[in-house]
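Undergrad: Below are the structure tokens for one structure; questions will follow.
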Amino acid sequence: MVSGSLKTVAIVAFCAMHIMQVEAFLESMGSVCQSSVQMKMLPSDERPFENNNQISRRQILETSCAAAASGLLLPKTSMADERTALSSSKVTIPTVALAGGKSSLRISRTIQGYWQLAGGHGIYREVDAIQNMQAHYDAGITTLDTADIYGPSELIVGKFVKSQPGAIPCTKFCCFRYLEEINRAEVKQRILRACERLQVDRLPLVAFFWGDYSVKRYTTVALWLSELREEGLIQEIGATNFDLKRLKELKAAGVPLVSHQVQLSALDRRPVQSGMTEWCTGNDISTIAFGTVGSGILSNNFLGKGPPSQDQLTTASMRMYSKTADRFGDWNLVQSLLQTMDAVAKEVRRDGRCTEATIANVAQRFVLQTPSVASVLIGVRNKDHIEENVQSHSFQLKQDEIEAIEKVVAKRKGPLGDVWDIERGLI
């Protein structure tokens, strides 16, 4: 997928039989990609980005993805770090070394997520996005997540990283179409392009995604990424949205994986039910979890209320996570989960562990205390939830509280299968 080549356009000019899979991926991992022409016309800091999906997602997918081509498994010190944070007068967000503490790369246990800059989340100004990054960074959320398919996201994150060298930008290397033709030179050129966009000499973490398991070249391409790690262009390599079978294949091939980014919450237990988190724990692969509060479904906002209305289904995030909630079970079961989490939050407040604990805090703690989970990823659109996200690190759930949540979760109907099976059309 070399920028400027005819193949670049061909790779992302998805044929109809693959559009549904790519749309599903973009609904979770990255929404609207910008064309190479649009990238050259990136609005100034003061001009708003129009990300409200006024044209169809299918049109965008077909025409504008050229830019995309251009025991816990935590270190033994991590829980001690968390306890240190809890004991201080000001809550701090601990950092954790990936690969079960064996990696030199440390990331914050809450990560800023910037899929929201790709589209489908309303209008924003670049200057506001960078100010959001700074505010979250100042609060201790020092790691940022983006991807090569997130339109201008890498570019905007790169501008922030240039102004704040202590920030840790993590990106993704996503492969969808013409997988048989990807070669070593193309992989290197795409990584160099990501370095340029993020304004770094070496990418701290690159998460690898492969769109079609039937094209069995994912280990080959991942090993080319490993070579670039040896060359110093990449610090660490992760994966994203692989099932356990293919994750094992990557590991067996010698790919030095340190992390796996997946959707994981009380509503989506696929990484747990597949045995993936347990396997990751034993193989020094840290889990990075996104979707932990389901775009606010797992929050006080929906306690005692109906499911998301059409007026609330205005963002790509809410549309995706409302589907997750539908797969979990009927709305009565979701309410039972919210009521249980609310009761836990009340107990946390009552005994002084966190005097302002919310359902969202409990939902995040439930994931953070899942074996193998290093960090949770939060989608950032504004500064509204910074304090609430930080206070998720001010307490820990007791075992009986975890079990109470698990008792409700055990009644779920889905989502079924392994990680990303539904989105790939395998179920």
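The values are calculated or read from the model by the stated rules, or taken from the named source; none is laboratory data. As the structure is a prediction and not an experimental result, all values here were calculated from the model. Note: ideal-geometry Cβ built from the backbone for every residue, glycine included; neighbour counts use all protein chains shown. Side chains included, ligands, DNA and RNA excluded: accessible areas come from the protein's heavy atoms. Shrake-Rupley method; radii C 1.70, N 1.55, O 1.52, S 1.80 Å.
Undergrad: Using the Karplus curve 6.51 cos²θ - 1.76 cosθ + 1.60 with θ = phi - 60°, what ³J(HN,Hα) values do you get for each residue of the stretch 395-409, in whole Hz, with x for Gly and Pro?
TA: Once θ is set to phi - 60°, the couplings for the stretch 395-409 become 7, 10, 6, 7, 4, 5, 6, 4, 5, 5, 5, 4, 5, 6, 4 Hz.
Undergrad: Additional query: Averaging sequence separations of C-alpha pairs under 8 Å and six or more residues apart, then dividing by the length of the stretch 270-427, give the relative contact order as a whole percent. Intermediate results must be reported in sequence, preceding the final value.
TA: Numbers: 172 pairs, mean separation 54.2, N = 158.
RCO, the stretch 270-427: 34 percent.
Undergrad: Starting from 0.36 nm per residue, how many nanometres of slack lie between ILE123 and GLN164 once their C-alpha separation is accounted for? Numbers along the way, then the final one.
TA: On the way: separation 41, 0.36 × 41 = 14.76 nm, distance 2.47 nm.
Length difference between fully extended and current span is 12.3 nm.
Undergrad: Label-point separation (nm) for SER104 and ALA252, each offset 7 Å from Cα along Cα-to-Cβ?
TA: Going from the SER104 label point to the ALA252 one covers 3.1 nm.
Undergrad: Please work out the FRET efficiency for the pair GLU406 and GLN310, using the Cβ-Cβ distance as r and a Förster radius of 35 Å; give the result to the nearest 0.05. Before the final figure, lay out each step's value.
TA: Numbers: r = 33 Å, r/R0 = 0.93.
Working from the Cβ atoms, E equals 0.60.
Undergrad: Here is a further query. Could you tell me the calculated FRET efficiency between GLN131 and ASN300, based on Cβ-Cβ distance and R0 = 35 angstrom, to the nearest 0.05?
TA: Once rounded, the FRET efficiency stands at 0.85.
Undergrad: So for the stretch 189-266, averaging the separation of alpha carbon pairs under 8 Å that are six or more residues apart and normalising by length, what relative contact order in percent results?
TA: On the way: 91 pairs, mean separation 25.8, N = 78.
Taking the mean separation of contacting Cα pairs over the length of the stretch 189-266, I get 33 percent.
Undergrad: For the pair ASP351 and GLU278, how long in nm is the line joining their label points, each one 7 Å along Cα→Cβ?
TA: Label at ASP351, label at GLU278, 2.8 nm between them.
Undergrad: Check GLN261: other-chain or 5+ apart residues with amide H under 5 Å from its amide H, H built from backbone geometry?
TA: Close amide H contacts, sequence-distant or interchain: ALA239, THR240, ASN241, ILE288.
Undergrad: Run the accessible area of the stretch 328-380 with a 1.4 Å probe and give the carbon-and-sulfur part as a rounded percent. Walk me through the numbers on the way to the answer.
TA: Numbers: 760 of 1620 Å².
Percent of accessible area from carbon and sulfur atoms in the stretch 328-380: 47.
Undergrad: For the stretch 154-163, what does the Karplus curve 6.51 cos²θ - 1.76 cosθ + 1.60, with θ = phi - 60°, yield as ³J(HN,Hα) per residue in whole Hz, taken in order and with x for Gly and Pro?
TA: With coefficients 6.51, -1.76 and 1.60, one gets 4, 4, 5, 4, x, 4, 5, 4, 4, 7 Hz.
Undergrad: Next up: If r is the Cβ-Cβ distance from GLU180 to ALA343 and R0 is 51 Å, what FRET efficiency results, to the nearest 0.05?
TA: FRET efficiency, GLU180 to ALA343: 0.45.
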